[in-house]
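Asker: Handing you this structure, nothing more for now.
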Amino acid sequence: MKLHFIAISVLAYAGMALAGAWDTGPFDNDDALDWVWELSESDDLSVVASAVHGAIEASSYLESPTGSIAVAAAEVVAALKGNPRADLPVEVTDWVKAHRVAAGDDLTEAARKAIALVLNADSSELAQLWSDSDELANVWKADLQNLLKRLE
């Protein structure tokens, strides 16, 4: 009985720490998927630019929703540069194919800067939340490092 209580407590704590996230991928959280719907309704890069710049222009502390959306937007930039992730959501793939816009150097650099901010454990809620689990934090960080390479 005691072991059962401990297991439930651990699961409840993990759920609170990562509320709205169910895996480490950039589209594995509620904020990013809500943003994908916004992207699918747009006709230009303004939604992508707004998401990336929102992270850069955040106050001294980058909240989790803003960081999650910036990561999703940076994935769109990588896809527009011809470097999409293998498991890009269908809605994003369709949007990229339908719009065929170029992600300029300014947007690419802004996306890289946003990802660097998301990774900064001193000022990023996402980085702090993922740090609660060393194993998951390492997977999450490796995924973002891969994104940075695809944005080069």
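Readers should treat all values here as calculations from the given coordinates under stated rules, not as data from a laboratory. Please read all numbers here as calculations on a predicted model, not as lab measurements. Don't worry about glycine lacking a Cβ; one is built from the backbone with ideal geometry, like all the others, and counts go over all protein chains shown.
Asker: Which percent of the Cα-Cα distances in the chain go past 28 Å?
Answerer: Across the chain, Cα pairs with separations above 28 Å total 20 percent.
Asker: Next question. Among V77, T108, L144, whose Cα sits farthest toward the positive end of the charge dipole of the chain (+1 at Cβ of Lys/Arg, -1 at Cβ of Asp/Glu, about the Cα centre)?
Answerer: L144
Asker: Return the long-range amide H neighbours of L62 (sequence gap of 5 or more, or a different chain), with a cut-off of under 5 Å between placed amide H atoms.
Answerer: Those qualifying (amide H under 5 Å, at least 5 residues apart or on another chain) are S124, E125.
Asker: Please compare each pair in K97/K141; K81/K113; K81/K141 to a cut-off of 18 Å on the Cα-Cα distance and tell me which ones are over it.
Answerer: With Cα atoms farther than 18 Å apart: K97/K141; K81/K141.
Asker: Could you size up the charge dipole of the chain around its Cα centre, putting +1 on the beta carbon of Lys and Arg and -1 on that of Asp and Glu, and report it in debye to the nearest 20?
Answerer: It works out to roughly 440 debye.
Asker: Additional query: Which value at 222 nm does the chain reach when only helices count, each DSSP H run of 4 or more adding -39,500 (n - 2.57), with the total divided by all residues and rounded to the nearest 500 deg cm²/dmol?
Answerer: Helix contribution divided over all residues of the chain: -21500 deg cm²/dmol.
Asker: Okay, next question. Could you order the peptides 69-76, 85-92 from most to least packed, using the average number of other C-beta atoms within 10 Å per residue? Could the numbers behind the result be given before it?
Answerer: Details: 69-76: 28.8, 85-92: 13.9.
Ranking the peptides 69-76, 85-92 by packing returns 69-76, 85-92.
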